[in-house]
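Below: the structure, in structure tokens.
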Amino acid sequence: MSTITIAKSRRRSLVLTDEGARHPFLVSLPPHVRSEAPDKPLRAAWVVTREDIRGFASAYFASLAAALVFLL
């Protein structure tokens, strides 16, 4: 009788881990992905632009017109 030996293969990740990342997803990312800073500065969170006002007004009047058509 012959015996069959099965070699256990070790599971290797594709990306080396970085334990300093402190989060399971960030650990799996390569260091050059995590170290990049944003290219351009982000605008302030609550700055209202002309496009914001125009979009709100058009949505408001479209909803008002739809409600009036439905009611009348």
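The values are calculated or read from the model by the stated rules, or taken from the named source; none is laboratory data. Given the structure is predicted, the values throughout are model-derived calculations rather than measurements. For neighbour counting, all protein chains shown are included, and Cβ atoms are generated from backbone atoms with ideal geometry for every residue, glycine included.
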Filter region 16-44 for residues that are part of a loop (DSSP other than H, G, I, E, B) and at pLDDT 75 or above and give the result. L29, P30
Check A67 against each of (1) at pLDDT below 75; (2) surrounded by 10 or more Cβ atoms within 10 Å (Cβ to Cβ) and name the one condition it does not meet. (1)
